[in-house]
Amino acid sequence: MVRSKRFDSVLITGANGFIGKALCKRMLAENWRVRGAIRSTHSKIVLPRGVEIFQIKSLGPYTDWSETLVDIDCVIHLAARVHVINDTATDSLSAFRWLNVKGTERLARMAARSGCRRFFFMSTVKVNGEERPQAYTERDMPKPLGPYGISKWEAEQVLHEIAKATGLEVTILRPSMVYGPGVKANFLRLVRSVARGVPLPLASVNNRRSLIYLENLVDAIITCIKHPRAAGQTYFVSDGEDVSTPELIRRISSALARPVRLFPFPPILLKISGIITGKSVVIDRLLRSLTIDCSKIRRELDWQAPFSMEQGLRETAKWYQKKED
């Protein structure tokens with residue numbers, strides 16, 4: 001039996017985000033000393049009671065983390081530049097690299113110098129790509145698409161270089177699409193459409209998608225920072241059950257106790273409508289298959305998703321209905 005490592009204190013960047021808040025809550029419940037790094041541009045900060053809040057001006061290659069890293073055993077780096085709507089940056093890739101690559105490198109190097117032992121990095125399945133029907137595995141050659149995926153892949157490589165030079169234990173997680181209470185963007189729009197009884201022309205879609213419930217992801221993160229075998233490793237993680245878009249809608253409908261309103265429509269015409277309306281990205285995500293094989297984390301770390309997809313969708317539905325009341 002492999003003994004888990006015990007890190008007493010942890011720094012979480014992006015602690016006030018969708019994943020960060022849930023992680024803070026869980027780690028406090030397990031008696032960790034949790035420090036949250038928050039950008040000072042946030043006017044309203046709401047974190048679970050007990051989190052030590054450190055405000056920083058910005059995330060980048062010149063951020064001074066020295067005070068924030070005092071007596072920290074492990075860094076969980078969640079903060080990132082993600083999908084920016086109406087991006088005003090003249091050089092989008094450079095903007096992503098500034099925070100996701102150079103900012104991550106700065107934090108990791110300062111963490112190593114401060115005596116931090118493990119560095120957890122939240123990456124993305126987009127490092128591997130988004131356009132193939134077969135499930136991705138950790139053995140596949142990365143083919144990142146877009147500034148976000150490229151910057152995350154470059155950050156992963158920088159972290160491995162730092163680990164070799166300093167002995168810092170780096171663990172990388174590439175999750176599938178995350179859902180749960182507090183979810184935003186496309187998943188929230190889908191839940192809202194189902195809740196309002198909007199007829200959806202997706203009954204003819206034949207695809208497969210991997211997802212992960214928020215609490216399953218939190219559990220996987222904690223497993224990664226505690227398990228000795230996770231040092232130096234990269235893992236994919238999901239609920240372990242892949243569903244088509246129509247099946248996902250049926251399950252959301254069931255969780256919301258709402259009737260299923262799906263009707264058939266040729267996917268090719270949906271693609272054309274996406275081009276005409278400027279919503280190609282949204283339509284493609286509903287039609288495309290994107291699955292991952294998370295057998296490595298199950299095999300090496302003995303990790304199993306503690307919650308089923310049905311449980312995760314029920315909790316998401318409860319949150320949504322309470323929010324809308």
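Computed from the coordinates by the stated procedures, all read-outs in this text should not be read as laboratory data. Keep in mind the model is a prediction, meaning the values are calculated, not measured. Note that we place each Cβ from the backbone using ideal geometry, even for glycine, and neighbour counts take in every protein chain shown.
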Exercise for the section: Let me know the Kirkwood hydrodynamic radius for the stretch 210-325, please, with Cα pairs as the basis and the value in Å to one decimal. Expected result: 16.5 Å
Exercise for the section: Describe numerically, in nm with one decimal, the distance between label points set 7 Å from Cα along Cα→Cβ at Ser66 and at Arg298. Expected result: 4.8 nm
Handout entry: Long-range lysine pairs (8 or more apart or interchain), the stretch 96-238, Cα under 15 Å
Key = 4
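For the stretch 60-178, what is the per residue volume of the convex hull drawn over the alpha-carbon atoms, in cubic angstrom? Before the final figure, lay out each step's value.
On the way: hull volume 14.1 nm³, N = 119.
About 118 Å³ per residue, rounded to a whole number.
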Handout entry: Highest average packing first - 271-280, 215-224, Cβ atoms within 10 Å
Key = 215-224, 271-280
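Regarding the stretch 16-82, what is the average projected area of its C-alpha convex hull, in nm²?
Numbers: hull surface 19.3 nm².
Dividing the Cα hull surface by four gives the mean projection, 4.8 nm².
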Completion exercise
Long-range amide H partners of Gly36, meaning residues 5 or more apart or on another chain whose placed amide H is closer than 5 Å, are Ile12, Glu52, Ile53, Phe54
Completion exercise
With R₀ set to 56 angstrom, the calculated FRET efficiency between the beta-carbons of Glu247 and Ser114, to the nearest 0.05, is 0.75
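Let me have the relative contact order for the chain, percent, based on Cα pairs under 8 Å that are six or more residues apart. Present the calculation step by step, with values, prior to reporting the outcome.
Values: 594 pairs, mean separation 57.5, N = 325.
Reported as a whole number, the value is 18 percent.
At a 10 angstrom cut-off on C-beta neighbours, averaged per residue, how do the peptides 201-211, 70-80 rank from highest to lowest?
Numbers: 201-211: 18.7, 70-80: 21.6.
In decreasing order of mean packing, 201-211, 70-80 become 70-80, 201-211.
For the chain, with only Lys/Arg (+1) and Asp/Glu (-1) charged at the beta-carbon, what is the dipole magnitude about the Cα centre, in debye rounded to 20? Intermediate results must be reported in sequence, preceding the final value.
Values: 50 positive and 32 negative charges, 107 e Å.
It works out to roughly 520 debye.
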Handout entry: HN-Hα J in Hz across the stretch 122-130 - Karplus 6.51, -1.76, 1.60, θ = phi - 60°, x for Gly and Pro
Key = 8, 9, 7, 5, 5, 4, 7, x, 9
Problem - Most to least packed among 10-22, 184-196, 286-298 [average Cβ atoms within 10 Å] - result: 10-22, 286-298, 184-196
Practice task
State the percent of C-alpha pairs, over all pairs in the chain, separated by a distance greater than 30 angstrom.
Solution key: 35 percent
Fill in the blank from the handout: If unit charges are put on Cβ atoms (+1 for Lys and Arg, -1 for Asp and Glu) and the dipole of the stretch 194-294 is taken about its Cα centre, the option from Gly197, Ser244, Ala220 lying farthest towards the positive end turns out to be Gly197
Handout entry: Full-stretch length increase - Val46, Ser280 - with 0.36 nm per residue and alpha-carbon distance subtracted
Key = 80.8 nm
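Kindly provide the helix-only [θ] at 222 nm of the chain, computed as the sum of -39,500 (n - 2.57) over DSSP H runs of four or more divided by all residues, to the nearest 500 deg cm²/dmol? Mind showing how you got there, number by number?
On the way: 11 runs with 127 residues, N = 325.
The per-residue figure over the chain is -12000 deg cm²/dmol.
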